[in-house]
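Below: the structure, in structure tokens.
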Amino acid sequence: MWRKRVFGRMGVTFSFSEHRTGGGWHGDLPEQWVAVFLAFQSQCWHSDDQTGHRLPECEGNIPPKIESDVQIIAALVNPAGDDQGNETVTLINRSPNSVDLSGWLIADKNKKRSFITNLQLNPGATGVVKLDGQGAQLSNNGGIITLLNPEGLKYQGVSYTKEQCHSGWTIVF
């Protein structure tokens, strides 16, 4: 007879206790615990949501291990009053060059997207993207916010928890 315990997503332990059968094992077995812990490689390339396979346009392109020039630095996910049309995402241009973000997108945890229009960030400047409530919507129960380039590939992303979603307060990442 055996029992199992699961520890998060990374490990399982099995308990093998005394066991007797007429045709299989003979004799008594002492109780014994066996642990299996697993580690998974981080995904560092863009993949298809249905199959998990790398997207064709990403073949041979492994994302660099440098920080993005444009980053999400804050978000108002739970504005006072109605959320729809009042949620915002604040971006910063960390580079020494101007960046035109027209055609880029903001995506939510459900992969709904909102286009960024008419946003040019000078070096070191910040810009606020107001979500219209028709595309990306930021959950008050925690979630993710992803900045996608014009090809729809992830450029940068952040996550937040339900505990951070105070009415009227901006979350800083």
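Scanning the stretch 79-132 for residues that are farther than 23 Å from Val172 by Cβ and small (Gly, Ala, Ser) turns up Ser98, Ser102, Gly103. Do we find that Gly81 is loosely packed, with under 14 Cβ neighbours inside 10 Å and touching a strand residue (DSSP E or B) at 6+ places or on another chain (Cβ under 7 Å) in this structure? Answer is no for this residue.
Within the stretch 149-168, residues that are touching a residue at least 24 places away in the same chain (Cβ under 8 Å) and within 19 Å of Asn93 (Cα to Cα) sit with their Cβ atoms under 7 Å from residues that are among the hydrophobic types (A, V, I, L, M, F, W, C) and part of a loop (DSSP other than H, G, I, E, B), at 6+ positions apart or across chains, in these pairs: Asn149/Trp104; Pro150/Trp104; Val158/Phe173. The lone criterion from (1) surrounded by 12 or more Cβ atoms within 10 Å (Cβ to Cβ); (2) in a loop (DSSP other than H, G, I, E, B); (3) modelled with pLDDT of 95 or more left unmet by Gly152 is number (3).
When the strands (runs of 3 or more DSSP E) confined to the stretch 30-120 are screened for residues that are over 24 Å from Gly142 (Cα atoms) and either in contact with a Ser or Thr (Cβ under 9 Å, 6 or more places away or on another chain) or at pLDDT 70 or above (or both), those reaching at least 2 such residues are found at 32-37.
The values are calculated or read from the model by the stated rules, or taken from the named source; none is laboratory data. Quantities reported herein were computed from a predicted structural model and do not represent experimental measurements. Cβ coordinates were reconstructed from backbone atoms using ideal geometry, including for glycine residues, and neighbour counts include every protein chain displayed.
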